[in-house]
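Here is the structure we will look at.
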Amino acid sequence: MIIRFEKRREPSKVMQAATPIGAVVLTMIVGAIIFDLIGYDGPRAVKEIFFTPIFASYKWQDVARKAAPLILIALGLCLGNRAKVWNIGAEGQYLVGGMAGATVAYFTAGHGGVWVIALMIVAGLVAGALWAAIPAFLKTRLRVNEILSSLMLVYVAQQLLGYLVTGPLKDPNGQNFPQTAPFADGQRLPSTLWGTPIPPGLVAAFVLAFVFFIVMERSEFGLGVRAIGEAPKAARYGGYDANRLIWQTLMISGAMAGLAGLLEVDSQTFKLDLGFTTSLYGFTAIIVSFLGRLHPLGAVLAGLVLAISSVGGQVAQTAVHVPYATAGIFQATMLFFILASDVLVRKRIVIVSSEPARKALGGAA
Amino acid sequence: MNFDFVAAIVTIVGVTTPILLAATGELIVEKSGVLNLGVEGMMLLGAIAGFAATFIASDPQYSDSAPWLGALAPWLGVVVAACAGALGALLFGFMVLTLGANQVATGLALVIFGGGVSSLIGAGFIGMAVTPFDQIFPDNLAQDPVLKLVFGYSPLVYFAFIMVGVVYWFLNKTRAGLVLRAVGENDLSAHSIGYSVIGVRYGAIAFGGAMAGIAGSYFSEVITPLWAEQMTAGRGWIALALVVFSGWRAGRLLAGAYFFGLFMTLELYAKASGFSFLPSQFWAAMPYVMAIVVLAVMSARESGRAEAPACLGKNFTPDA
Amino acid sequence: MTIITRRSFVKSAAAVSAAPLLGRSAFADEPLKVGFIYLGPIGDFGWTWAHEKGRKAMVDALGGKVAADYVENVAEDASATPVLRDLAQQGHKLIFTTSFGYMDQTIQVASEFPNVMFEHATGYKHAKNVGTYNNRFHQGRSVQGTIAGMMSKSGVLGYVGSFKVPEVVMGVNSFALSAQAQNPKATVKLVMIDSWFDPAKESAAAETLANLGCDFIASHTDSPAVLQLCEKRKLFGFGQGADMSRFAPHAHLTAIEDIWGPYYTSRAKAMLDGSWQSDDAWWGMKEGSVVMSPYNKSVPDNVRAAADKVIAGWKDGSYDVFTGPISDQSGTEKVKKGERIADKDLAVIDWYVKGVQS
């Protein structure tokens, strides 16, 4: 008896939808077993990480807060990843978005109002886009790998943040701590909207997810992005300008990351400090985009899953005393499972027996 | 003013070695056509594995009955670290080569996974220390203010130099190296000639993982003989950058690694010498800015531009 | 140490229920629930470990009257807020937030739970139910400086820090001034590594300082990396937050130990007898919260005597390292002869004294 992988004629849509769910479920099972074996209360850990944040209403605000930047950044990454443009440096673009907002707040100190906030948002978008323009330039003109150039810029952005909060933007009344002055009331966005636990970032994320969906599936631009990713030579013959698409996808994902950074700073922390670099949303968003199968609506769901597991990881730390690293292990495992299960989307399992008749497994194509 | 050049060079060597080790391994991986971004994760696995093995082997309850164990403990640590790195790499390899998963995403998953697993295992080792895996030459050579330039280092430093040479020789002077390069340049042709593309790549990936693991053990056994979460602090990413701006050539890799190490040390010298007219963050960002500049310059120069292996990052699909 | 052993240890220290407790409970019969959030892991043998020791000391001192829980590895960003809310909701009535990066989060959650008392370490924002507390670590720095000033042959002292915040600046200045009191020509070379956590970089920074002639290297970082480098290069250094002699048996001359137990115990007692009030407490050697670990056997008697004299001086109030005349790096006099730097100025200090090369 032989087990073979046979390529499907078309990727299985059933599997595309089922595999992310399967990945999450399998992670829960495997995680519970392994953590139990090494001495922790495995099932309880899984419960706290995956279920408590869903069912405990006082956790919803935290989940929503974390999901917003993850989804926003992941939307931009989905676009780029489809074109096989790998923006690993989204974290740097997220940081400069926040820095841009804080800089505007500094220069408009004392003033407030709709125009100031609009200016801050634009600043965040532009700053993120420009920070991503650097790797775009390097890739299109000099063939420099964008993975590395965008990544190096993350470190530069972190140092820039350190410089700003200890120097030009430092709060004169802040006891010389490395942070900016708190934003004026008129400069702030509300943390949550209309009495719900929903932050403005999440609303933006849902709206933009829809926009991205329309663009990616139905527009000329979206077609070009996918073409460049899946069949670059054919796409070029078809008239798509690869360089332009590289610029566009990088700058769009940069703008999204910058927006996420701006919203975090202007609706959650209302100042800039060194703690801004610790969340690493820009990197986690990469997992979100893959877990969501590079699809905008998938990114929304995946963002929620990652947010739930991050929040749950903290709960588990208190409740089950698992180390802080546990959430990361679960998240990486989900990613492994979904990447591994990709094979079921593209291929199906065929068992060849010595008898003439063949059985094909793997669901309908 | 008498500036101690020897000491400065020794410092640069110490800073560069772990990056060189990891990059040398990744060079082989990428030459075979695979892009393994998981270097940072493999280094962390190696760091904790090496530390744990060294710590346990140095434990008096064992070395009392087997004194040779105590002396060999750090070497054992390095071997275990190599195995840990290789295991992480093989997980990556299985997913990418056998299951056909996306290389970029899988590599990133390995980074996060390696970080998490190392933290989990390392939880029990926080606050412990081992003896540093330091000089192997006798004091009169290793401590001599001038001769220490050659003799004052940890065995891993010499190992790194040797491996660069071995990799160079392997890639350019052996038939096996030729096969590896062929697999990286044109996997379909290599396959049709009869070489096992998947087999060669598995081997390359395992080697890369072992080297990354050893690089990780350099942190936990040589520089700071202790375990701390995320103690490699991003060096794995620098190693990746290094492979690119070496143009995938071993000789350039050595030069590039030292170039980077020079800038990382320059940052500290500038700060220690009081160059306060520039903010300290400027110096801290300098190595990364230089990496980008060098990447740009190397890619722009016509004559100097070395091409990446043609199949880099693409999965092998013989029935496509 | 295996993971299972550690887990059993953690289990035997108060277990925490994840179910939120709403409303107030009657304290008369139930123990007071005290919560702690930590920046790092409790086994770090440094900052967090010292707080954990303090927590345990409080539990020992007050027995069944308190039940104390902790959360470790809480990042200093917005994610600390839900952790604090959890603790408040789980019935903790006194919560210590042990790092300055928790400041706004503490204020935020305190405003949501007016019946829970919060104490923020090394901060400056207060509220009716938020107090701050700090330790005069710089007192310990002056002991280190005294030792370094007397024992250093080169007169060039090294100092490795993470970021330039008043806490660090205060420590550098105290170290420099006390070293100069013993050796007027002593200088301090300062390197900030601009990173939260990078032991290899700390070690390289220390190595650089050693290459440039430092034979003593103090540090204000979160790992013993600098000490290990000192041991390797046969130089001298000091432990930070805890006795770190296990990492550097020859190099480690003494350490500043943070003894939080007495403070935590007194604050819990204040809660129990109803006298707790928001305060800005800054304890030091006098109160026993800063203690120097035993001197290395290689420290000569005359040096020990001088160091002990400094300690005694802090304890009885006769000595303050920040007594003028003090000039800054450019030579401008900032403190007149005989004057002392006031606490409120010390807490925000951002200039280095003469002789510090930064």
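Read the figures in this text as sums done on the coordinates, not as results from a lab. In this text, all values refer to a predicted model and were calculated from it rather than measured experimentally. Reconstructed Cβ throughout: ideal geometry from the backbone, glycine too, with neighbour counts over all protein chains shown.
Can you compute the helix-only [θ] at 222 nm over chain A? Use -39500 (n - 2.57) per DSSP H run of at least 4 residues, normalise by all residues, nearest 500 deg cm²/dmol.
Values: 14 runs with 240 residues, N = 365.
That calculation yields -22000 deg cm²/dmol at 222 nm.
Identify which of A:PRO197, A:PRO168, A:PRO182 has the largest mean-square fluctuation in a Gaussian network model of chain A, with springs joining Cα atoms closer than 10 Å.
A:PRO168
Between A:ILE134, A:ILE121, A:ILE71, which gets the highest mean-square fluctuation from a Gaussian network model of chain A, Cα cutoff 10 Å?
Among A:ILE134, A:ILE121, A:ILE71, the largest GNM mean-square fluctuation belongs to A:ILE134.
Kirkwood Rh, Cα Rg: Rg to Rh for the protein assembly as shown? Mind showing how you got there, number by number?
Values: Rg = 28.7 Å, Rh = 29.9 Å.
We get a ratio of 0.96 for the protein assembly as shown.
Given a cut-off of 19 Å, name the pairs among A:LYS170/C:LYS201; C:LYS93/C:LYS286; C:LYS53/C:LYS125; C:LYS153/C:LYS336; A:LYS84/B:LYS314; C:LYS125/C:LYS334 whose C-alpha atoms lie farther apart than that in the structure shown. Walk me through the numbers on the way to the answer.
Values: A:LYS170/C:LYS201 26 Å; C:LYS93/C:LYS286 28 Å; C:LYS53/C:LYS125 26 Å; C:LYS153/C:LYS336 30 Å; A:LYS84/B:LYS314 11 Å; C:LYS125/C:LYS334 27 Å.
Among A:LYS170/C:LYS201; C:LYS93/C:LYS286; C:LYS53/C:LYS125; C:LYS153/C:LYS336; A:LYS84/B:LYS314; C:LYS125/C:LYS334, the Cα-Cα distance tops 19 Å for A:LYS170/C:LYS201; C:LYS93/C:LYS286; C:LYS53/C:LYS125; C:LYS153/C:LYS336; C:LYS125/C:LYS334.
Enumerate the whole-percent occupancy of each 10 Å bin, from 0 to the last occupied one, for all C-alpha pair distances of chain B.
Taking all Cα pairs of chain B, the binned fractions are 6, 25, 33, 24, 10, 2, 0 percent.
Taking every DSSP beta bridge that has both residues in the range C:26-135, what percent is antiparallel when rounded to the nearest 5?
Values: 1 of 19 bridges.
For the range C:26-135, the DSSP antiparallel bridge percentage is about 5.
How far is helix A:90-107 tilted off the main Cα axis of chain A, in degrees rounded to 10, range 0 to 90?
So the helix axis and the longest Cα principal axis differ by about 20 degrees.
For chain A, just run the numbers: alpha carbon Rg, then divide by 2.2 N^0.38 Å, N being how many residues it has. The partial results should precede the final answer.
On the way: Rg = 22.3 Å, N = 365, 2.2 N^0.38 = 20.7 Å.
Normalised Rg, Cα atoms only: 1.08.
For the protein assembly as shown, with only Lys/Arg (+1) and Asp/Glu (-1) charged at the beta-carbon, what is the dipole magnitude about the Cα centre, in debye rounded to 20? Mind dumping the intermediate values first?
Working: 79 positive and 74 negative charges, 445 e Å.
Charge dipole of the protein assembly as shown: 2140 debye, to the nearest 20.
Report Rg/Rh for the range C:118-234, rounded to two decimals, where Rg is the Cα radius of gyration and Rh the Kirkwood radius. Walk me through the intermediate numbers first.
On the way: Rg = 15.5 Å, Rh = 14.9 Å.
Reported Rg/Rh, Kirkwood definition of Rh: 1.04.
Taking Cα pairs under 8 Å and at least six residues apart, what relative contact order does the range C:152-211 come out at, in percent? Write out the running numbers ahead of the final one.
Details: 58 pairs, mean separation 28.3, N = 60.
Relative CO of the range C:152-211 lands at 47 percent.
Take the alpha carbon gyration tensor of the range B:122-178, find the square roots of its eigenvalues, order them as a ≥ b ≥ c, and report rounded if a/c is under 1.5; if not, report prolate when a/b exceeds b/c, else oblate.
Numbers: a/c = 4.87, a/b = 1.36, b/c = 3.57.
Oblate shape, in that a/c is at least 1.5 and b/c is the bigger or equal ratio.
Using Cβ counts within 10 Å as a stand-in for footprinting exposure, how do B:ILE112, A:ILE34 rank, fewest first?
Details: B:ILE112 24, A:ILE34 14.
Exposure proxy ranking, most exposed first: A:ILE34, B:ILE112.
Per residue of the range C:329-336, in order, report the coupling 6.51 cos²θ - 1.76 cosθ + 1.60 (Karplus, θ = phi - 60°) as ³J(HN,Hα) in whole Hz, putting x for Gly and Pro.
Couplings: 4, 8, x, 5, 6, 9, 10, 6 Hz.
Would you mind calculating the relative contact order of the range C:26-135 from Cα pairs under 8 angstrom and at least 6 residues apart, reporting the percent as a whole number? The partial results should precede the final answer.
Working: 190 pairs, mean separation 27.7, N = 110.
Value for the range C:26-135: 25 percent.
Cross-link candidates for C:LYS234: which aspartates and glutamates have Cα within less than 19 Å, leaving aside residues fewer than 8 places away along the same chain?
Within the straight-line limit of under 19 Å, C:LYS234 reaches these aspartates and glutamates: B:ASP4, B:ASP134, B:ASP139, B:ASP144, B:GLU221, C:GLU202, C:GLU207, C:ASP215, C:ASP243.
Within a 10 angstrom radius of the beta carbon, how do C:ASP44, A:ASP266, A:ASP171 rank from fewest other beta carbons to most?
Working: C:ASP44 24, A:ASP266 28, A:ASP171 18.
Taking fewest neighbouring Cβ atoms as first place, the list is A:ASP171, C:ASP44, A:ASP266.
Long-range amide H contacts for C:TRP283: which residues qualify at under 5 Å (H placed 1.01 Å from N, peptide plane, sequence gap of 5 or more or a different chain)?
Result for C:TRP283 returns C:ASN134, C:ARG136.
How much of the DSSP bridge set in the protein assembly as shown is antiparallel, in percent, rounded to the nearest 5?
Numbers: 19 of 61 bridges.
In the protein assembly as shown, approximately 30 percent of DSSP beta bridges are antiparallel ones.
If R0 is 60 Å, what FRET efficiency do you get for A:GLU217 and A:ILE351 from their C-beta distance, rounded to 0.05? Don't skip to the end; give the middle numbers.
On the way: r = 36 Å, r/R0 = 0.60.
Calculated value: 0.95.
What are the DSSP H helices in chain B that stretch 18 Å or more along their long axis, judged by alpha-carbon atoms, and whose average Kyte-Doolittle hydropathy comes to at least 0.0? Let's see the in-between values first.
On the way: long enough: B:5-31 (36 Å, 1.64); B:39-57 (26 Å, 1.78); B:67-93 (38 Å, 1.71); B:103-122 (27 Å, 1.58); B:155-173 (26 Å, 1.48); B:197-217 (30 Å, 1.27); B:250-272 (33 Å, 0.95); B:280-300 (30 Å, 1.60).
Result, helices passing both filters: B:5-31, B:39-57, B:67-93, B:103-122, B:155-173, B:197-217, B:250-272, B:280-300.
For n ≥ 4 DSSP H runs only, could you compute -39500 (n - 2.57) per run for chain B, divide by its residues and tell me the 222 nm figure to the nearest 500?
Details: 14 runs with 218 residues, N = 320.
Helix-only estimate at 222 nm: -22500 deg cm²/dmol.
Contact order normalised by length for chain B, with contacts defined as Cα pairs under 8 Å and 6 or more residues apart; what percent is it? Write down the numbers at each step before the final one.
Details: 555 pairs, mean separation 112.5, N = 320.
It comes to 35 percent, rounded to a whole number.
Treating chain C as a set of equal point scatterers at the Cα positions, no solvent, please give the Debye-formula log₁₀ I(q)/I(0) at q = 0.07, 0.09, 0.12 Å⁻¹.
-0.31, -0.51, -0.89
Which order results if A:ARG82, C:ARG246 are arranged by neighbouring Cβ count within 10 Å, fewest first? Display every interim value, and only then the final one.
Values: A:ARG82 20, C:ARG246 16.
Lowest count first: C:ARG246, A:ARG82.
As an exercise, use a Förster radius of 22 Å and the Cβ-Cβ distance of C:LYS315 and C:TRP351 to find the FRET efficiency, rounded to the nearest 0.05. Can you show the working numbers first?
On the way: r = 28 Å, r/R0 = 1.27.
The formula returns an efficiency of 0.20 here.
Binning at 5 angstrom from zero up to the longest distance, how are the C-alpha pair distances of the range C:26-135 distributed in percent?
Percent of Cα pairs in each bin: 2, 13, 24, 25, 21, 10, 3, 0.
Please give, to one decimal in nm, the separation of the simple spin-label points placed at C:ASN115 and C:GLN329, each 7 Å out from Cα toward the Cβ.
So the two model labels end up 5.2 nm from each other.
For helix C:80-89, report the angle its Cα long axis makes with the longest principal axis of the Cα atoms of chain C; keep it between 0 and 90° and round to the nearest 10°.
40
Compute the length gained on full extension between C:LYS234 and C:HIS126: take 0.36 nm times their separation in residues and subtract their Cα-Cα distance, giving the result in nm to one decimal.
Values: separation 108, 0.36 × 108 = 38.88 nm, distance 4.57 nm.
Extra length from C:LYS234 to C:HIS126 when fully extended: 34.3 nm.
Quick one: longest stretch of chain B between exposed loop GluC sites (Glu not before Pro), exposed meaning at most 13 other C-beta atoms within 10 Å and loop per DSSP?
Numbers: sites that count: B:GLU302, B:GLU307.
Between the exposed loop sites, the longest stretch runs B:1-301.
Roughly how far apart, in whole Å, are the Cα centres of the range A:239-316 and the range B:44-110?
With the range A:239-316 and the range B:44-110 each reduced to a Cα centre, they are spaced 32 Å.
With 10 Å bins from zero, work out the P(r) of the range B:93-206 over every alpha carbon pair and list the percent per bin.
So the P(r) values, bin by bin, are 11, 22, 25, 25, 14, 2.
Could you check which residue among B:ALA82, B:ALA255, B:ALA66 shows the biggest mean-square fluctuation in a GNM of chain B with a 10 Å Cα cutoff?
B:ALA66
Mind checking which lysines have their C-alpha under 20 Å from A:LYS47, skipping anything on the same chain fewer than 8 residues away?
By straight Cα distance, A:LYS47 reaches A:LYS59, A:LYS66, C:LYS11.
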